[in-house]
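No value in this document is a laboratory result; all are computed from the given coordinates. These numbers come from a predicted model, not from an experiment. Virtual Cβ from ideal backbone geometry, glycine too; neighbours counted across all protein chains shown.
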Amino acid sequence: MQLDKDALADVAVRLRRAQGQIGGIVKMIEEGRDCADVITQLAAVSRALDRAGFKIIATGLEQCVSRENAGTEQAEIDRAQLEKLFLALA
């Protein structure tokens with residue numbers, strides 16, 4: 001299933017932000033920062049990545065429903081694929 005790039009523009013922004021946060025976490029570790037601070041930042045990145053993943057799945061579901069309403073057979077295949085992807089994030 002191909003997803004619309006425009007629909008996922010905000011996901012790219014979220015992932016770039018998470019990428020910066022990960023760089024910050026590496027720096028924190030290298031500087032010997034407090035464990036609690038590192039864990040707090042790791043949790044924030046984890047939530048950001050989860051949100052990005054769920055946004056991708058939601059976009060896929062939206063496209064799948066649109067295809068189903070249009071009467072295409074591809075919708076059934078996409079539904080199974082989306083379920084598998086959702087369970088991978090759960």
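For Gly20, what charge total do you get from the other residues with a beta carbon under 12 Å from its beta carbon, if Lys and Arg give +1 and Asp and Glu give -1?
+4
Starting from the Cα-Cα distance between Arg51 and Cys35, subtract it from 0.36 nm times their residue separation and give me the gain in nm to one decimal.
Working it through step by step, the gained length comes to 3.3 nm.
Under a Cβ-Cβ cut-off of 12 Å, what is the net charge of the residues other than Arg47 that fall near it, where Lys and Arg count +1 and Asp and Glu count -1?
Here the charged neighbours net out to +2.
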